[in-house]
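Participant: Got a structure for you, written out below as structure tokens; questions coming shortly.
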Amino acid sequence: MDKGGEEEKEGKEGRREEKGKEKWRREALKKVVKEKQQKEKGRGKQNQRKEQIGVSEGDDTGEEMKKVKRKKRWADIEARKDGREKKEQEMTENKESE
């Protein structure tokens, strides 16, 4: 009789452990699924940004964006150079007129 009672206890504990493991697995799966959904949601936002800028979805590397940024930088640099040259010319003209 004692053996039977011990087996029942072990069986209950074993079932509890199994239930605990199953619960843990379910929670872990829920977390994984939730993370995947959040990543997908984030990717959607990135694609929207690309569309607003005018970059195709297939361009994952962002080469088009890099090219546009480079062109803008060079345009800014050229504008600064032109501005400096104009200032220098004005200063030399002012000195000559004095």
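The values are calculated or read from the model by the stated rules, or taken from the named source; none is laboratory data. This is a predicted model, so every value here is computed, not measured. With ideal geometry, Cβ positions are generated from the backbone for all residues, glycine too; neighbour counts draw on all protein chains shown.
Participant: State whether one or more residues within segment 59-73 are of a type outside the set (D, E), more than 30 Å from R43 (Cα to Cα) and either surrounded by 10 or more Cβ atoms within 10 Å (Cβ to Cβ) or under 38 Å from the mean Cα position of the chain (by Cα) (or both).
Facilitator: no
Participant: Kindly establish whether E85 is charged (D, E, K, R) and either over 33 Å from the mean Cα position of the chain (by Cα) or over 23 Å from R43 (Cβ atoms) (or both). Full working, then the answer.
Facilitator: Values: charged (D, E, K, R): yes; either over 33 Å from the mean Cα position of the chain (by Cα) or over 23 Å from R43 (Cβ atoms) (or both): yes.
In short, yes.
Residue-by-condition table, conditions (1) touching a His at 6+ places or on another chain (Cβ under 8 Å); (2) modelled with pLDDT of 85 or more; (3) charged (D, E, K, R):
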position: M1; (1), (2), (3): no, no, no
position: K31; (1), (2), (3): no, yes, yes
position: Q38; (1), (2), (3): no, no, no
position: G42; (1), (2), (3): no, no, no
position: D60; (1), (2), (3): no, no, yes
position: E63; (1), (2), (3): no, no, yes
position: R80; (1), (2), (3): no, yes, yes
position: R84; (1), (2), (3): no, yes, yes
